[in-house]
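The values are calculated or read from the model by the stated rules, or taken from the named source; none is laboratory data. Source: prediction; values computed, not measured. Virtual Cβ from ideal backbone geometry, glycine too; neighbours counted across all protein chains shown. Please note that ligands, DNA and RNA were not included when accessible areas were found on the heavy atoms of the full protein model with its side chains. Shrake-Rupley method; radii C 1.70, N 1.55, O 1.52, S 1.80 Å.
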Amino acid sequence: MISQKNKQGWRNPWVFGLAAIVLSGVLINGHLIWKIINNPVRLLDESYTVKKHNQYDAKWLQQQASRSTLGWQVKLHSPQQLQNDPVAVASLVRFIVAANPALLQLELKDRDGLAIQGGKVEILAQWPGAPSFDTSVKLNEVAPGKYEGQMKFSRPGNWD
């Protein structure tokens, strides 16, 4: 006989399984919400977050305007296969693999097209989700206005 007072239904393995699925869903969602609250997403740099979007827009636009007044011409590419990089050499094309060094080549010219020599060039790659994965590399000058260096990406994906 089935009734409200019969407690045997709670001993059914199907009820335990359903309760475990519901409980794990609640715990996983709680964990994700906690991570979002404590680790805000970074879009462009350390001070540009989703929560403070309007506060830093003017600052970012001012930085871009001051950079454009220099008139420098910069080309960054890699012999490995990169998305939207028509300069990649066909004989050297290979995929960039996580934790393997990727060769980065930078060509730097002033507004008149003359090579900029003796520069100190550093590339900072930011992982949008977590600052602990950020990495940087200093490029060495191999020819006038041409700099090279190897960077190891710790995770696959799109880096800023």
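For the stretch 143-160, taking the residues that are part of a strand (DSSP E or B) and open to solvent by 90 Å² or more (accessible area, probe 1.4 Å), the one that is modelled with the lowest pLDDT is identified as LYS152. With respect to (1) farther than 30 Å from ASN38 by Cβ; (2) of a type outside the set (A, V, I, L, M); (3) open to solvent by 40 Å² or more (accessible area, probe 1.4 Å); (4) at pLDDT 70 or above, the lone exception for PHE95 is condition (4). Pairing residues of the stretch 64-84 that are under 18 Å from VAL121 (Cβ atoms) with residues that are open to solvent by 90 Å² or more (accessible area, probe 1.4 Å) and at pLDDT 75 or above, at Cβ distances under 7 Å and at least 6 apart in sequence or on separate chains, gives GLY71/ARG111; TRP72/ARG111.
Within the stretch 120-139, the only residue that satisfies the criterion of being open to solvent by 40 Å² or more (accessible area, probe 1.4 Å), within 18 Å of ASP110 (Cα to Cα) and assigned to a strand (DSSP E or B) is GLU122. For the stretch 1-57, filtering for residues that are assigned to a helix (DSSP H, G or I) and either open to solvent by 100 Å² or more (accessible area, probe 1.4 Å) or modelled with pLDDT of 60 or more (or both) leaves 34.
When GLN81, GLN105, GLN117, GLN63 are checked against the criterion of being open to solvent by 50 Å² or more (accessible area, probe 1.4 Å) and at pLDDT 85 or above, GLN117 stands alone in meeting it.
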